[in-house]
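All of the numbers you see were taken from the coordinates with simple rules; none came from a lab. Keep in mind the model is a prediction, meaning the values are calculated, not measured. Backbone-built Cβ (ideal geometry, glycine too); neighbour counts: all protein chains shown.
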Amino acid sequence: MKRTLGVCYYPEHWSEEVWTEDARRMAEAGLTWVRIGEFAWSRLEPRPGTYAFGWLDRAIETLGAAGLKVVLGTPTATPPRWMLDRHPDMLALDAEGRVRKFGSRRHYCFSHEGYRRECARIVTRLAERYGRNRHVAAWQTDNEYGCHNTTLSYSAAARDAFRNWLRARYPGKGNDGDIEALNDAWGNVFWSMEYSDFDQIELPNLTVTEPNPSHVLDFRRFSSEQVVSFNRLQAEIIRAHSDAPIAHNYMGSITDFDHFDTGADLDIASWDSYPLGFLVDRVPATEGHRHAFERQGDPDFQAFHHDLYRRAGKGRWWVMEQQPGPVNWAPYNPAPLPGMVRLWTWEAFAHGAEAVCYFRWRQAPMAQEQMHAGLLRPDSVEAPGLAEAARVAEELREVPEVAACAAEVALVFDYTAAWAWEIQPHGKGLKYFDLAFEVYRAMRSLGLSIDILRPGDDLSGYKVICAPGLMHLSESDKAALTDSGATVVLGPRTGARDATMRIPLPLPPDIPGLDVTVAMVESLNPASPISLASGGSIMGYREVLEGAARVLERTADGTAAVVGSGKLVYVGGWLDATAWRRLIRNACVDAELATIDLPAGVRRRFAGDQCFWFNYSAEVHSVAGLGLPPVSVTRTVRCASV
């Protein structure tokens, strides 16, 4: 598929006199796509029932006349102020019971039925008017679900919807549900937490100490399904009036809702890539690592999300917002090194992106994002990122096709596991996302190209499968892993809870063909790691293992740390980077899969018969006979022996 570039644009922010010139400059820079409209509800409907589509008609026509394709966003992430007069109870409440007020964005509760009807109304109007417009070539639903901690709401609307959801999850006769089934599933006999009616159940916040973990897990499932159904409402309306593909733009390291389930109703998954902003507070890393890459971004964080959202999009995915310069929202906001915008763009294409769109066209001189760089400065003079985008556009004319990669290794990622770890981390700072990412990072450091899968996906064809931290596995999931024929790396906490957050019997991991039992678990002070005999350490979390499985790694005092039976490997702890890299290298040796030890900051990605080398570092590196310049992209013909 041909790879293309785009930009995010806000015609409502600028006088119409500049639209034509903007469109001309976008086309001259080699851009194809322009996303508009996702925050414009107050200009589309300035008063309830009074619509003003004329300006949007003209904007779409102006962009289309320049040869550009429009991605039209639904404006439901920014309901106008008059909406609160109609629905004063539509705002979400945080876990402390505080109202998430008007004056920013994403100020709504997914469970509020009145607001859902308003969303259906405006989306219907847009879809009817622009569904067959020749210039509207794609759609975006809402904007960044879950951003700013907006998935979980503790409002009255969420409470009422949660009770109804529980009635359906624990069905009884009629529509009343079976409260005793819920009491049994949640283990409510503990601390006399039993209910006699679903209307007695509150949301799991503001309790004296921690709420029942089973209660919380069901609330997390419910909250995720509210996002899914909210998105489905919009997608179904658009699809009734348009044949253009529908996308949503996800964010980095957000696990509050199941992106795979949301993606089932979409044609394209996209995400918003801000490597420098994310490095500061979303990437698990040392301060030294952050300093080394403060103007480049983490070498693996973007790639992880590229692979994650490729799966969420069922193979079709974009970068809807690519950082082109300093952002405004991180604790520190440095400018990228020259060449990084080009590197980030090509890395996305190497992982299969159909389009990369830069945020934004012109830096805004007003409001919350005025310190966020664009491709143009506020005075319309070119910012540094525009030249790099234009260079990529020129390079795409020479190499427009980038084939998909058939990866030989996979990482299984599960949003439910993220919720379970968050509910019972057992140790401060232990997060499932960080565990999965650190395993991915170790795989990438060995030059591997990776597919990210969800539980239940087809596992055939992979030589190595890593599935760390899957807190709950169904019997079919266990069978799929053991029958895959791959070398499978499991643990820690594999199968540690059943579907209702109980410790299962037999004790975990209870994997067929793997003779190991977790007899005890402990969390460790970061200052007290447990050394491994072969180098590296167990950090933060450790399991005491029993059973006849072969010991593959021991602690310095001789205790089993990693065990295996056949092609199944179980890791009884949270390993550091050194140990993960060694363990995965050994798994690849067993699977007869070649690896290469890459220097810090250098990464490799196969794409068909091409091999892309990315040097994130500010130093020259020599790898596999190649001289890789600082902050560079190098493309070679794929060599199976490397």
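Taking other C-beta atoms within 10 Å as the exposure proxy, Met366, Met501, Met539 rank Met366, Met539, Met501 from fewest upward.
Set against the 2.2 N^0.38 Å expectation for a compact globular protein, the stretch 409-590 has a Cα radius of gyration ratio of 0.93.
Could you tell me what fraction of 2.2 N^0.38 Å the Cα radius of gyration of the stretch 72-143 comes to, as a two-decimal ratio? Cα-based Rg divided by the globular estimate yields 1.25. Close Lys pairs in the chain (alpha-carbon distance under 20 Å; sequence gap of 8 or more, or different chains): 5. Placing unit charges on each Cβ (+1 for Lys and Arg, -1 for Asp and Glu) gives the chain a dipole about its Cα centre, and among Met366, Ser111, Ser153 the Cα reaching farthest toward its positive end belongs to Met366. Going by neighbour counts of Cβ atoms within 10 Å, the residues Lys2, Lys431, Lys69 line up, fewest first, as Lys2, Lys431, Lys69. Summarising the overall dimensions of the stretch 156-216 from its C-alpha atoms, the Rg and Dmax are 11.3, 35 angstrom.
Where does the charge balance sit around Met320 when Lys and Arg score +1, Asp and Glu -1, over other residues with C-beta under 13 Å from its C-beta? Working shown, then result.
Values: positive: Arg35, Arg316, Arg360; negative: Glu38, Asp142, Glu144, Asp272, Glu321, Glu354.
Result for the neighbourhood of Met320: -3.
Annotation: the residues Tyr9, Tyr541, sorted from fewest to most other C-beta atoms within 10 Å of their own C-beta, follow the order Tyr541, Tyr9. Once the chain from Thr578 to Leu507 is taken as fully extended at 0.36 nm per residue, the excess over their C-alpha distance is 22.6 nm. Here the extension length gained between Asn525 and Ala27 equals 173.7 nm, from 0.36 nm per residue of separation less the Cα-Cα distance.
Using only side-chain charges placed at the Cβ, +1 for Lys and Arg and -1 for Asp and Glu, the dipole size of the chain relative to its Cα centre rounds to 1160 debye.
Among the complete DSSP H segments of the chain, which ones combine at least 27 Å of alpha-carbon extent along their axis with a mean Kyte-Doolittle hydropathy of -0.5 or more? TM-like helix candidates: 213-241.
For the stretch 62-216, the relative contact order works out to 24 percent when only alpha carbon pairs closer than 8 Å and six or more residues apart are counted. Principal axis analysis of the Cα atoms in the chain yields extents of 76, 71, 40 Å, listed in decreasing size.
Over all alpha-carbon pairs in the stretch 239-284, figure out the percentage whose distance exceeds 13 Å.
Details: 661 of 1035 pairs.
Across the stretch 239-284, Cα pairs with separations above 13 Å total 64 percent.
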